[in-house]
Amino acid sequence: MLSDEELRLMMVQQQLRGRDIADERVLAAMERVRRELFVPPELRDRAYEDAALPIGSGQTISQPYMVARICEALALTGRERVLDVGTGSGYQAAVLAELAAEVDTIERIPELAERARENLATAGYERVRVHVGDGTRGVPERAPFDAIAVAAAAPDLPQLLYEQLEPRGRLVVPVGRRRAQRLELVVRSPEGPAVIRSVPCRFVPLVGEQGFDGG
Ligand code: SAH
């Protein structure tokens, strides 16, 4: 039987490096964060699969590759203040905490936010601030942010999040239809949003004022 640590190193090697993740800081961060602490206990032996996994309330912990892709697109150096929208299990927030100075994360489902708080504490990331509410409205009292990561699919660029970016700040968000999106990197610039589209992806819908309506 391989240990969680061995499985984690294999995940980074095969699923991340073996594809196209090249940012050494992102690779090192994902070698450190114990994903098994963010999945439900009964799925712990599947923690390093190349897949999203159910975490309850109809939501999922994102596929490791997508977490890496989002982090790489944010181009973090360690000094940034970051907002993570769609806390879910807290895993993405933990990886961001390895890469940036300060992390705030917001989740609309209170039970998930509570479990994420516990997961983050167990994994050693209690400095991440977990908020409950509609993340499509951002966290105005903590804005502006150098970077914002959205882990749920939006129908359009979430304008209120864009407005909470610092000048030259970066926002990564899956944009498209309910069942198929593309990951977009949006950079705040004096001329307005500069958008770079990348990989096709499929995230659970962002539900809220600037998301999809209903569940
Ligand atoms: N990054 C998470 C992935 C969670 S899936 C992880 O690593 O585990 C996306 C999450 O976004 C779900 O938990 C869902 O409840 C949440 N979500 C959807 N719409 C939201 C909104 N408007 N505000 C905050 N969270 C939202």
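Quick check: is even one residue across segment 180-195 more than 12 Å from the ligand (Cβ to nearest atom), more than 18 Å from the chain's Cα centre (by Cα), part of a strand (DSSP E or B) and closer than 22 Å to Ile21 by Cα? Step through it out loud before you land on a result.
Residues of segment 180-195 that are more than 12 Å from the ligand (Cβ to nearest atom), as a first pass: 180-195.
So of that shortlist, the ones also more than 18 Å from the chain's Cα centre (by Cα) come out as 188-195.
Still in the list and also part of a strand (DSSP E or B): 194-195.
When the remaining residues are screened for being closer than 22 Å to Ile21 by Cα, the result is 195.
Scanning segment 180-195 turns up at least one residue that is more than 12 Å from the ligand (Cβ to nearest atom), more than 18 Å from the chain's Cα centre (by Cα), part of a strand (DSSP E or B) and closer than 22 Å to Ile21 by Cα.
Are any of the residues in segment 7-19 in a strand (DSSP E or B), modelled with pLDDT of 95 or more and surrounded by 18 or more Cβ atoms within 10 Å (Cβ to Cβ)? Walk me through it before giving the result.
To start, the set of residues in segment 7-19 that are in a strand (DSSP E or B) comprises none.
No: zero hits.
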Quick check on Thr60: is it part of a strand (DSSP E or B) and at pLDDT 95 or above?
yes
Is there a residue being touching a residue at least 40 places away in the same chain (Cβ under 8 Å), part of a loop (DSSP other than H, G, I, E, B) and surrounded by fewer than 16 Cβ atoms within 10 Å (Cβ to Cβ) anywhere in segment 164-175?
no
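Does Gly88 fit the bill of being among the small types (Gly, Ala, Ser), more than 21 Å from Ala29 (Cβ to Cβ) and in a loop (DSSP other than H, G, I, E, B)?
Values: among the small types (Gly, Ala, Ser): yes; more than 21 Å from Ala29 (Cβ to Cβ): no; in a loop (DSSP other than H, G, I, E, B): yes.
Against the criterion (among the small types (Gly, Ala, Ser), more than 21 Å from Ala29 (Cβ to Cβ) and in a loop (DSSP other than H, G, I, E, B)), Gly88 does not qualify.
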Assuming Ala52 fulfils every condition listed in (1) touching a residue at least 24 places away in the same chain (Cβ under 8 Å); (2) surrounded by fewer than 23 Cβ atoms within 10 Å (Cβ to Cβ); (3) within 12 Å of the ligand (Cβ to nearest atom); (4) over 21 Å from Ala147 (Cα atoms) apart from one, which condition is it?
(1)
Where residues in segment 122-141 are over 26 Å from Met30 (Cα atoms) and either away from the ligand (no atom under 12 Å from the Cβ) or within 15 Å of the chain's Cα centre (by Cα) (or both), which of them is surrounded by the fewest Cβ atoms within 10 Å (Cβ to Cβ)?
Glu141
Total residues in segment 91-113, condition part of a helix (DSSP H, G or I), within 12 Å of the ligand (Cβ to nearest atom) and not small (Gly, Ala, Ser):
7
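Kindly evaluate Gly58 against the criterion of being in contact (Cβ under 8 Å) with a residue 40 or more places away in the chain and within 11 Å of the ligand (Cβ to nearest atom).
Details: in contact (Cβ under 8 Å) with a residue 40 or more places away in the chain: yes; within 11 Å of the ligand (Cβ to nearest atom): yes.
Here the answer is yes, as Gly58 does meet what is asked.
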Screening Thr87, Thr122 for residues that are modelled with pLDDT of 95 or more, in contact with a helix residue (DSSP H, G or I) (Cβ under 9 Å, 6 or more places away or on another chain), farther than 23 Å from Gly208 by Cβ and hydroxyl-bearing (Ser, Thr, Tyr) leaves only Thr122
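The values are calculated or read from the model by the stated rules, or taken from the named source; none is laboratory data. Just so it is clear, the structure is predicted and the values come from calculations on it, not from any experiment. Please note: Cβ atoms are built from the backbone with ideal geometry, for glycine as well, and neighbour counts cover all protein chains shown.
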